[in-house]
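In what follows, a single structure is set out as structure tokens and then discussed.
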Amino acid sequence: MIDLLVTGGAVLTADAADTYVPDGAVAIEAGRIVAVGSATETAARYPGAPTLDARGCLVLPGLVNAHAHSAMTLFRGRADDVDLQVFLERLVAAESAVLTAEVVRVAVRLALAESIRAGVTTAMDMYWFPEAGLAAAAEAGFRLVTGPTFMDVPGPPDGLDFAARLRLAPASLARSAGGRASAGTAPARCVTPHSTYTLNPEQLLAVGELAREHEALLHIHAAENAAEVATVSERYGRRPVELLHDLGLLRPGTLLAHAVCLTDEEIALIAASGAGVAHCPVSNLKLASGVARLPELLAAGVPVGLGTDGAVSANALDLFGPIRAAATLHRVTPGGAPDPTLIGARTAVRMATADGARAIGIGPLTGSIEVGKAADLVVLDLNRPHLTPRHDPWSMLAYAAGPADVRDTVIDGRVVMRDRRLLTIDEGAAIEELNALAATLPNPSGRPGMSHGLSDESQRLRASRNDVST
């Protein structure tokens with residue numbers, strides 16, 4: 001007897017051969033996939049198994065968010081229409097004022113509700129109080145890959161200086177086990193140094209050595225926009241990627257977030273090192289950071305995943321937006337002839353599944369529907385006008401589907417959303433808790449409170465309308 005049989009739907013595996021089973025089934029036991037095949041044959045092998053009926057649906061691998069700051073849900077909408085540097089100034093001040101471990105737990109819980117609804121089953125996360133985020137993920141049955149965060153800024157929310165944070169990191173790594181969602185499926189441990197402009201070379205070397213000692217993944221922002229590259233170049237005489245290379249931090253298990261401003265030589269360095277890149281096209285566009293050289297990265301053989309970034313810089317934590325942007329944006333970038341064949345649907349979807357898992361360093365664990373891998377699955381409801389007819393599943397996913405089409409989400413073989421109802425998170429309570437926290441935040445001008453969550457500009461507009469009406 002197996003634990004669950006997901007049966008009757010079309011199964012898109014995202015394996016190396018991009019196997020597609022029009023009328024398929026996936027058998028799950030102890031959190032792992034034990035069989036993938038036709039619905040008829042698989043059902044005959046496991047008679048009487050508990051089933052999740054996927055008829056009229058598409059079954060695909062759980063989506064992998066390669067770069068997120070989950071707890072930023074608390075600040076969503078508070079730093080819009082600015083560039084990266086102004087965004088960081090606003091955010092760091094707000095974080096230092098209000099963040100605690102409990103605040104992070106509440107904010108992450110809401111982020112996971114949003115993610116699960118959107119079919120995301122794994123996220124590579126970077127934020128303060130990572131153990132609070134991991135605790136929220138464990139409660140929700142979500143795979144959050146995160147670990148000790150390093151960012152040398154004045155007045156950090158956790159009150160620790162770099163030396164103290166480095167001293168406490170080994171114990172934190174031992175407790176977190178890299179963000180396990182359940183026993184037996186823990187990816188490698190992870191450390192998350194913020195960037196080459198918030199840590200100096202000596203600090204980066206120390207974090208790199210910590211990662212080596214504990215066989216941990218290393219996740220860092222790099223070359224997000226031109227101003228960052230200029231700052232680091234002026235400080236150290238080397239661009240961010242060059243600096244990471246010279247420090248020995250470009251290697252397998254390293255994930256570079258954004259990597260927008262790259263030279264040909266830097267792309268070659270990343271490719272030769274075995275490091276991966278988290279491409280965040282929606283965030284990059286919103287912050288006007290630029291258009292990453294995705295076609296060149298892929299042509300060089302760099303593993304690339306898709307990320308949302310935080311709910312402040314991109315405002316949403318679903319990957320359907322980044323998939324669509326990645327599949328289309330790079331066809332009309334300046335300096336090159338328009339090319340509708342660049343990237344495309346299949347490549348973009350794979351960046352959110354198998355290739356994304358490979359980019360962040362957990363490809364053997366998840367990202368595709370294959371025997372032996374964690375049973376991370378999404379059941380997408382195809383009985384919807386915008387998903388009809390069903391000529392090409394890759395095209396449908398990249399250009400038409402959205403988070404509202406996700407019907408069921410399975411993580412480690414556990415159904416965490418069934419028929420669009422969350423089973424491991426009290427969604428109403430999560431929304432209420434976060435709204436209560438948001439009501440205590442100072443508004444951007446520094447005055448406490450925000451009327452109905454409105455910005456100062458919106459409040460002025462409402463007041464002027466009231467004046468006219470009276």
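The values are calculated or read from the model by the stated rules, or taken from the named source; none is laboratory data. Since this is a predicted model, take the numbers as computed values, not measurements. Backbone-built Cβ (ideal geometry, glycine too); neighbour counts: all protein chains shown. Calculation scope for accessible area: heavy atoms of the full protein, side chains included, ligands and nucleic acids excluded. Shrake-Rupley method; radii C 1.70, N 1.55, O 1.52, S 1.80 Å.
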>> Among the residues in the range 408-431, are any part of a loop (DSSP other than H, G, I, E, B), out of contact with any Cys (no Cβ under 9 Å at 6 or more places or on another chain), at pLDDT below 95 and of a type in the set (S, T, N, Q)?
In response: no
> So which of Gly290, Gly276 ends up being at pLDDT below 95 and either closer than 16 Å to Arg331 by Cα or within 17 Å of the chain's Cα centre (by Cα) (or both)?
Replying inline: Gly290
> Where residues in the range 50-95 are acidic (Asp, Glu) and part of a helix (DSSP H, G or I), which of them is modelled with the highest pLDDT?
Replying inline: Glu95
> Counting residues that are charged (D, E, K, R), which strands (runs of 3 or more DSSP E) fully inside the range 1-49 reach at least 2?
Replying inline: 20-29
> So which of Thr73, Thr51 is among the polar types (S, T, N, Q), touching a residue at least 40 places away in the same chain (Cβ under 8 Å) and open to solvent by 10 Å² or more (accessible area, probe 1.4 Å)?
Replying inline: Thr51
> Quick one: which of Ala138, Ala123 is hydrophobic (A, V, I, L, M, F, W, C), under 20 Å from Leu377 (Cα atoms) and touching a His at 6+ places or on another chain (Cβ under 9 Å)?
Replying inline: Ala123
> From the residues in the range 353-374 that are of a type in the set (A, V, I, L, M) and more than 21 Å from Ala271 (Cβ to Cβ), which one is most open to solvent (accessible area, probe 1.4 Å)?
Replying inline: Val371
> Given Val207, Val241, which one is crowded, with 21+ Cβ neighbours inside 10 Å and more than 20 Å from Asp125 (Cα to Cα)?
Replying inline: Val241
> Pick from Leu397, Leu377: which is open to solvent by less than 20 Å² (accessible area, probe 1.4 Å), over 25 Å from Glu139 (Cβ atoms) and not acidic (Asp, Glu)?
Replying inline: Leu397
> Can you name the number of the only condition in (1) out of contact with any Pro (no Cβ under 8 Å at 6 or more places or on another chain); (2) within 29 Å of Arg76 (Cβ to Cβ) that Leu205 fails?
Replying inline: (2)
>> Looking at the range 97-112 only, could you name the residues that are assigned to a helix (DSSP H, G or I), farther than 15 Å from Gly141 by Cα and either open to solvent by 20 Å² or more (accessible area, probe 1.4 Å) or charged (D, E, K, R) (or both)?
In response: Ala97, Val98, Ala101, Glu102
> Pairs, please: C-beta under 8 Å, at least 6 apart or cross-chain, first residue outside any loop (DSSP other than H, G, I, E, B) and in the range 154-167, second modelled with pLDDT under 95 and open to solvent by 30 Å² or more (accessible area, probe 1.4 Å)?
Replying inline: Phe162/Asp152; Arg165/Asp158
> When residues of the range 1-16 are filtered for being more than 30 Å from the chain's Cα centre (by Cα) and open to solvent by 30 Å² or more (accessible area, probe 1.4 Å), how many remain?
Replying inline: 1
> Restricting attention to the range 17-38, and to residues there that are in contact (Cβ under 8 Å) with a residue 40 or more places away in the chain and more than 19 Å from Val415 (Cβ to Cβ), which single residue is most open to solvent (accessible area, probe 1.4 Å)?
Replying inline: Tyr20
> If you scan the range 190-204, which residues turn out to be open to solvent by 40 Å² or more (accessible area, probe 1.4 Å) and polar (S, T, N, Q)?
Replying inline: Asn200
> Hey, Ala177 hits all of (1) at pLDDT 95 or above; (2) within 22 Å of the chain's Cα centre (by Cα); (3) under 17 Å from Glu131 (Cα atoms) but one; which does it fall short on?
Replying inline: (1)
> Which one of these does Gly276 not meet: (1) free of Cβ contacts under 8 Å to residues at least 12 places away in the same chain; (2) of a type outside the set (Lys, Arg); (3) within 30 Å of Val378 (Cβ to Cβ)?
Replying inline: (1)
> In the range 386-417, what residues are basic (Lys, Arg) and over 22 Å from the mean Cα position of the chain (by Cα)?
Replying inline: Arg390
